[in-house]
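The values are calculated or read from the model by the stated rules, or taken from the named source; none is laboratory data. What you see is a predicted model, and the numbers here were worked out from it, not measured in a lab. Every residue, glycine among them, receives a Cβ derived from its backbone with ideal geometry; neighbour counts consider all protein chains shown.
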Amino acid sequence: METSVYTEKIKAIRKLKHLTQQNTADQLGYHDVKEYSRIETGEKRITLDLLEEIARVFEMTVIGLLAFDEKMVFNQCQQDHSMFGNGNHFHEANAALVAEFKDRIKHQDEEIAFLRRQVEDKREQGH
C-alpha cells in the first residue's frame, strides 16, 4: 500500500522526537515492531482512534499531528545512531554554546561591577 501524507508526518515526527519504531510500538502496546511499521508504510489503515494514540505517544494533539509541517521545523537535529541509542549533536552543541554564553555573561557582570567601583571611587575623590 502507498504511504500517505499522514504516514509521512507520523514518521517525520517520530524521528524528530528521537523515537525508534520499537520505542513507539512499545508505547502503543504493540507486541511486534512490524505492527507499528505497517502504520508508517501505509499497510495499516489509520483511524481517528489510532491517530489519538499516536499523538499521545508523541505528546501532542491530533490537530498538531495533522497540521505538522516538517518544512516549518527549524534547527533539525543530526542523530548519532550508536549502540547506546540516539545521541543528539544539536543539543550537545547547544549545551556548549549555553555554557560559553554563561561564561561571557559572568565576565561582563564582573567587568560592570569593576567599572561601577571605579565610578564610585572617582565620585568620592571629586567630592
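Scanning segment 18-32 for residues that are within 24 Å of the chain's Cα centre (by Cα) and either modelled with pLDDT of 95 or more or surrounded by 15 or more Cβ atoms within 10 Å (Cβ to Cβ) (or both) yields 19, 20, 21, 22, 23, 24, 25, 26, 27, 28, 29. Each residue in segment 26-50 was checked for being in contact with a Ser or Thr (Cβ under 8 Å, 6 or more places away or on another chain) and in a helix (DSSP H, G or I), and 3 pass.
Just checking, does segment 46-65 include any residue being at pLDDT 90 or above, of a type in the set (Phe, Trp, Tyr) and surrounded by 10 or more Cβ atoms within 10 Å (Cβ to Cβ)? Yes: one or more hits.
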